[in-house]
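Beneath this line is the structure, given in structure tokens, with notes to follow.
Values in this text are rule-based calculations from the coordinates and carry no lab data. Computed from a predicted model, the values in this text were never measured in an experiment. All Cβ positions, glycine included, derive from the backbone under ideal geometry; neighbour counts span all protein chains shown.
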Amino acid sequence: MELLEDKQKLSALWQTQNPSQKVFDYLGLKLAFLSCKVFSPLKGCVCAFFDCGTENTVAFPGVISQRDSDYLAVLLSLARRSKGKLFPNNLLFVFYRPETGKEVCQTGIFRQYRVNRVLTLRQWDKTEPGILAARKNEMLARSCDIRVTAEGAAALDAAVAFYNRATALAQTLPEEVFRLLKFSRLAGNEETARMEGILRVFQDDIYNDIRAGLTAIARELQEQTSCTLTLSMSDGYPPVLNSPEMFDQVQKILPLQKLKAPEMDTDEFSVFLRYAPGLLLFIGAGDETPQKALEFLQTITEKLF
């Protein structure tokens with residue numbers, strides 16, 4: 001019942017003025033009544049630490065956003081069920097605002113509370129409701145948004161040439177390397193042309209090599225044509241690389257569908273993996289998904305790591 005009440009309350013708060021602050025206040029109020037240490041390492045972030053007297057800690061990050069509202073209710077219920085219990089590891093719940101995950105990690109709380117595992121669930125519409133799915137290592141990709149502007153005579157031709165060379169560059173990688181280099185928008189005329197695209201890969205060295213290759217292509221085309229090419233590439237989220245050890249442990253106690261290939265999407269959860277190994281699990285979306293997610297997380301906290 002408490003999970004349903006939290007879901008309904010959080011959903012209602014997102015329909016009010018200044019909803020993010022109200023959700024933050026609601027989480028802090030509910031956590032204050034539990035037998036844990038509640039603190040705020042950063043503005044807009046509230047954490048709850050359950051000390052089970054062990055050496056290590058498992059962290060559960062949750063984004064304070066409307067899209068993740070159901071999962072916030074799941075984590076809050078898990079925290080409530082953890083009151084007064086001893087688990088194989090300490091528990092650290094981290095509720096933070098979007099785009100602040102890196103700042104949260106930089107406060108040093110993972111080191112301070114000895115976090116050595118990070119875990120999260122994400123709803124997914126490509127499997128049966130309530131079913132867990134994941135894979136070892138590559139799970140979600142590193143992200144980069146690309147913008148190319150060509151200015152000068154035959155600008156459109158220069159943009160097309162950049163597209164052809166960039167596509168050829170991605171095709172030089174071995175077939176078994178997961179990657180996506182895609183340009184979806186090209187607009188302009190003979191004097192100005194603009195193009196947008198995305199880069200998705202997993203390994204840092206390949207990411208850096210492709211970025212360097214795109215920069216070299218832009219420079220060469222500028223030298224070979226009368227156009228000025230401006231290339232900008234955002235530095236997005238790191239990849240989500242699932243811990244093989246954690247995957248094997250979860251698979252021993254829960255039904256887990258093994259994915260053959262990763263998703264070429266991206267997620268802020270990845271920033272936490274720069275500070276501790278972790279696992280992102282997909283769970284099939286459906287009406288009973290929050291309850292199933294709570295049961296899965298409770299099983300993991302009681303038996304694993």
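Once the Cα-Cα distance is subtracted from the 0.36 nm per residue extended length, the residue 8 to residue 126 segment shows a gain of 39.9 nm.
On the basis of the beta-carbon distance and an R0 of 51 Å, residue 151 and residue 116 show a calculated FRET efficiency of 0.50. Picking from 242, 224, 139, whose Cα lies most toward the positive end of the charge dipole for the chain (charges on Cβ: Lys, Arg +1; Asp, Glu -1)? Towards the positive end, the residue furthest out is 242. Here residue 160 and residue 43 are evaluated by their C-beta separation; at R0 = 45 Å the FRET efficiency comes out at 0.45. Take the alpha carbon gyration tensor of segment 142-233, find the square roots of its eigenvalues, order them as a ≥ b ≥ c, and report rounded if a/c is under 1.5; if not, report prolate when a/b exceeds b/c, else oblate. Taking the square roots of the gyration eigenvalues as a ≥ b ≥ c, segment 142-233 is prolate. Projecting the Cα atoms of 187, 113, 65 onto the charge dipole of the chain (Cβ charges, centred on the Cα centre) puts 113 farthest toward the positive pole.
In this structure, the pairs whose alpha-carbon distance is over 23 Å, taken from 37/83; 22/303; 9/292, are 22/303. Rounded to the nearest 10 degrees, the angle from helix 244-253 to the longest Cα principal axis of the chain is 40 degrees. Mean residue ellipticity at 222 nm, helices only, the chain: -11500 deg cm²/dmol; runs of at least 4 DSSP H residues each add -39,500 (n - 2.57), and the sum is divided by the number of residues.
With respect to the chain, whose longest principal axis is taken over its alpha-carbon atoms, helix 19-32 is tilted by about 30°. Between segment 204-218 and segment 12-69, the alpha-carbon centres lie 39 Å apart. Rounded to the nearest 10 degrees, the inclination of helix 69-81 to the longest alpha-carbon principal axis of the chain is 30 degrees. If only the Cβ of Lys and Arg carry +1 and only the Cβ of Asp and Glu carry -1, the dipole of the chain around its Cα centre is close to 1040 debye. Packing, taken as the mean count of other beta carbons within 10 Å per residue, orders the peptides 179-191, 288-300 from highest to lowest as 288-300, 179-191. Annotation for segment 271-305 versus segment 163-180: alpha-carbon center distance of 33 Å. Remark: C-alpha extents of the chain on the principal axes read 71, 45, 38 Å, sorted largest to smallest.
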